[in-house]
Structure formats: structure tokens, C-alpha cells
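Down below is the structure, laid out as C-alpha cells.
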Amino acid sequence: MQMPELDDLYADIILDHYKNPRNQGLIPSASLNAEGFNPFCGDQVKLSISLETNGTISNVGFEGEGCSISQASASIMTVLLIGKNLEQALLLNNTFRKLMSGNTISELSELDIGELAALEGVKEFPVRIKCALLPWATLVDAMNQYR
Ligand code: ZN
């Protein structure tokens, strides 16, 4: 059983990122770019990532349209990615996928997933999981271009 006040807090976080998306807008001459589309919901995410020469993510920008879950997930993702390297970004992606496939937060590694925890409830709604994962799938596409 979940505590109702916890659900409210999580809903507030999602709504806040949806209404005030962080790192909005694409970065001109970014190192990596990718676009993702979720036909099941109509969600769209465009992602641009700037890398330093040592591979650290110095900036992330996104533009998108769609439901609150997809856009909040994108916004939270951009916040988490800045300052990380691509390996850490991939680890974060894998951890979030585990969360969406049914693992609880306590079962995950000690990796700090920050406000992504607010999206944990989405795993109860299989159709919405695609929404939550769209920005992450787009991130993987962008990183694949780098290799
Ligand atoms: Zn959606």
C-alpha cells in the first residue's frame, strides 16, 4: 500500500516538470542529436547533447510535445544527465528501465535516480511505460551515433 501523501508529492513533481520543463530548447551545434516518437500516445522528444572533449555531458536541451509523463520524464532526464559521462548516462538509463520493468527503488543499485523516483508509479500502467521511456530511448539513439 502506498502512502497517499507520497503519491501527491510525486504527482506534484511530474506536473511541475511538465509545466516548467527544465533545459528546454535545442542546443545549436550540439555533439549529439536524436528524435524519438511514441506512436501509442503521440509523444515526441527531440534531444541535443553537448559533450566536453573528455566525454562529460556539459549541456542537454530538449523540445517535445505529448503527455505529462513523457515530457516530465524528458525534463527530469536532462537535469540528471548534465555533469555525467556517457557511461554514467547509460547506467542511469538501465536503472530507470529496471524501475519501469517492476523493480522497486530499494532493489536498484545505490545510484541516485533523483526525481525519476517520482515516475515509479507509472510502471503500474503498461501503456504509459512507453511514454516514460521515450526520452531514454531517444538518449540511447543519440549515444549510438557517437560510437
Ligand atoms: Zn504519452
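The values are calculated or read from the model by the stated rules, or taken from the named source; none is laboratory data. Bear in mind that the values here come from a model prediction, so they are computed numbers and not experimental data. With ideal geometry, Cβ positions are generated from the backbone for all residues, glycine too; neighbour counts draw on all protein chains shown. When the accessible area is computed, the model is the full protein with side chains, heavy atoms only, and any ligands, DNA or RNA have been set aside. Shrake-Rupley method; radii C 1.70, N 1.55, O 1.52, S 1.80 Å.
For Leu99, the test of being touching a residue at least 12 places away in the same chain (Cβ under 8 Å), outside any loop (DSSP other than H, G, I, E, B), closer than 23 Å to Cys131 by Cβ and open to solvent by 80 Å² or more (accessible area, probe 1.4 Å) is failed.
Suppose we filter Ile76, Ile57 for residues that are open to solvent by less than 10 Å² (accessible area, probe 1.4 Å) and either over 19 Å from Leu134 (Cβ atoms) or assigned to a strand (DSSP E or B) (or both); which single one remains? So that I can check it myself, show each step before the final result.
Details: Ile76 fails: either over 19 Å from Leu134 (Cβ atoms) or assigned to a strand (DSSP E or B) (or both).
Exactly one of Ile76, Ile57 is open to solvent by less than 10 Å² (accessible area, probe 1.4 Å) and either over 19 Å from Leu134 (Cβ atoms) or assigned to a strand (DSSP E or B) (or both), namely Ile57.
Is one or more of the residues making up segment 19-33 within 16 Å of the ligand (Cβ to nearest atom) and either of a type in the set (Phe, Trp, Tyr) or open to solvent by less than 30 Å² (accessible area, probe 1.4 Å) (or both)? Checking segment 19-33: not a single residue is within 16 Å of the ligand (Cβ to nearest atom) and either of a type in the set (Phe, Trp, Tyr) or open to solvent by less than 30 Å² (accessible area, probe 1.4 Å) (or both). Contact map, segment 120-147: residues that are on the phi < 0 side of the Ramachandran plot and open to solvent by 10 Å² or more (accessible area, probe 1.4 Å) paired with residues that are in a loop (DSSP other than H, G, I, E, B) and within 14 Å of the ligand (Cβ to nearest atom), Cβ distance under 6 Å, separation 6+ or inter-chain. Pairs shown: Lys130/Phe40. Screening Asn93 with (1) touching a Leu at 6+ places or on another chain (Cβ under 9 Å); (2) within 19 Å of Gly25 (Cα to Cα) gives one miss only, at (2).
Residue count for segment 102-119 satisfying the condition of being under 13 Å from the mean Cα position of the chain (by Cα) and open to solvent by 30 Å² or more (accessible area, probe 1.4 Å): 2. Of the listed requirements (1) closer than 20 Å to Glu35 by Cβ; (2) more than 16 Å from the ligand (Cβ to nearest atom); (3) under 14 Å from the mean Cα position of the chain (by Cα); (4) not polar (S, T, N, Q), Cys67 misses just one: (2).
Take the conditions within 12 Å of the ligand (Cβ to nearest atom), open to solvent by 30 Å² or more (accessible area, probe 1.4 Å), over 15 Å from Tyr18 (Cα atoms) and not hydrophobic (A, V, I, L, M, F, W, C) and apply them to Gly83. Does it pass? I'd like the intermediate steps shown before the answer.
Working: within 12 Å of the ligand (Cβ to nearest atom): no; open to solvent by 30 Å² or more (accessible area, probe 1.4 Å): yes; over 15 Å from Tyr18 (Cα atoms): yes; not hydrophobic (A, V, I, L, M, F, W, C): yes.
Considered against the rule, which asks whether it is within 12 Å of the ligand (Cβ to nearest atom), open to solvent by 30 Å² or more (accessible area, probe 1.4 Å), over 15 Å from Tyr18 (Cα atoms) and not hydrophobic (A, V, I, L, M, F, W, C), Gly83 comes out as no.
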